[in-house]
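First up is the structure itself, then whatever we jot down about it.
The values are calculated or read from the model by the stated rules, or taken from the named source; none is laboratory data. None of the values given here were measured: they were computed from a predicted structure. FYI the Cβ positions are ideal-geometry reconstructions off the backbone, even for glycines, and counts take in every protein chain you see.
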């Protein structure tokens, strides 16, 4: 006896291990909206569940009839050939968008560089101004603190401003 002779082959059936699909009303309506009323157009994995729902549900049968009416109306529509002018305009879209983006990108690049330069300049000025103001405030506060320290040490009472 050969090895594997009792095994069954699942070639071509890549979804053999997937659990069967359960169909609810919302999914069935979405299926009809996307694929129409013909079960052959429905995804194979959902087809049997959808057919069971139609067999069991009056609402599902009504939705299927409505979808069949829509399919019939769509089949009656005669296709319209686009004019040569429309075809030319559609073919020119990539060229128009490319030339517009090229002109815009140089302005955008310049604008972005300018914006970054302004931002860096403002940051540098802000840091410089902040450090100067901070240094002055700290030097005054430190000077005043050192001047008050002997008074606090000698008196023994802490001023109310310094208590939490």
Flagged in region 9-53 as modelled with pLDDT of 90 or more and not in a helix (DSSP H, G or I), in numbering order, are 24, 36, 37, 38, 42, 43
Does residue 121 count as farther than 30 Å from residue 35 by Cα and at pLDDT 75 or above?
-> yes
In this structure, does residue 85 turn out to be more than 33 Å from the chain's Cα centre (by Cα), surrounded by 10 or more Cβ atoms within 10 Å (Cβ to Cβ) and at pLDDT 85 or above?
-> no
